[in-house]
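Accompanying notes for the structure given below.
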Amino acid sequence: MDKTINLRILTTKGLAFEGEVDELYVRTSAGPVGILRGHTPYLASLPEYGTLRFTARSSVGYYVVKRGALEVKGENVLVMSHEVIQAKSEEDAKGIIEKLKSEEQ
C-alpha cells in the first residue's frame, strides 16, 4: 500500500516543487500542522513567514514560505504562496526568515 502524498508548491512565478513525499510539516496561521496520507480535508492560511519541511524516501526538504494557503484533499497537498525559498536545513530556514524580516525594516 502506497503511503506517500503528492505535494505541489506553487508561487506567483510558477511551480516551485512537485513530488511524492512521506510526510509534511508546515506552520499555518493557526499553528503548526503535520500531514500524512489519509489526512482529513483541510484548508489553512499561511503566515507572513513560515517553514515547510517534508521527508521523501529518507531525504528531508526545507522551504521558507511567504504568505499563502494550504489545501489538503485526499492524497494531494497544494501549497500556494507568494514566494518560497529553498533552504538546506531548519537552521538555514530560520536564518532566511530573520534576514527577510530585517530587510523589511
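Structure data summary
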read-out	value
Residue match in region 50-68 (condition: farther than 18 Å from PHE17 by Cβ, at pLDDT below 95 and either open to solvent by 90 Å² or more (accessible area, probe 1.4 Å) or not aromatic (Phe, Trp, Tyr) (or both))	no
Search result, residues across region 76-88 that are open to solvent by 30 Å² or more (accessible area, probe 1.4 Å) and modelled with pLDDT of 95 or more	ASN76, LEU78, MET80, ILE85, GLN86, LYS88
Filter pass, THR4 being polar (S, T, N, Q), surrounded by 15 or more Cβ atoms within 10 Å (Cβ to Cβ) and touching a residue at least 60 places away in the same chain (Cβ under 8 Å)	yes
Among residues of region 69-85, those that are aliphatic (A, V, I, L, M), over 10 Å from SER45 (Cα atoms) and without any contact (Cβ under 8 Å) to a residue 40 or more places away in the chain, counted	2
Which listed residue, of LEU10, LEU15, is of a type in the set (A, V, I, L, M, F, W, C) and either surrounded by 11 or more Cβ atoms within 10 Å (Cβ to Cβ) or within 10 Å of the chain's Cα centre (by Cα) (or both)	LEU10
Those residues of region 31-49 which are open to solvent by 30 Å² or more (accessible area, probe 1.4 Å), small (Gly, Ala, Ser) and within 25 Å of ILE97 (Cα to Cα), in sequence order	GLY34, SER45
Residues within region 20-74 that are more than 13 Å from the chain's Cα centre (by Cα) and among the basic types (Lys, Arg), tallied	3
Strands (runs of 3 or more DSSP E) within region 1-60 that include 1 or more residues out of contact with any strand residue (DSSP E or B) (no Cβ under 8 Å at 6 or more places or on another chain) and under 20 Å from GLU90 (Cβ atoms)	31-35
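The values are calculated or read from the model by the stated rules, or taken from the named source; none is laboratory data. Quick caveat, the model's predicted, so the values are computed rather than measured. Heads up, the Cβs are rebuilt from the backbone with ideal geometry, glycines too, and the neighbour counts pull from every protein chain shown. Heads up: the accessible areas ignore ligands, DNA and RNA and are worked out on the full protein's heavy atoms, side chains in. Shrake-Rupley method; radii C 1.70, N 1.55, O 1.52, S 1.80 Å.
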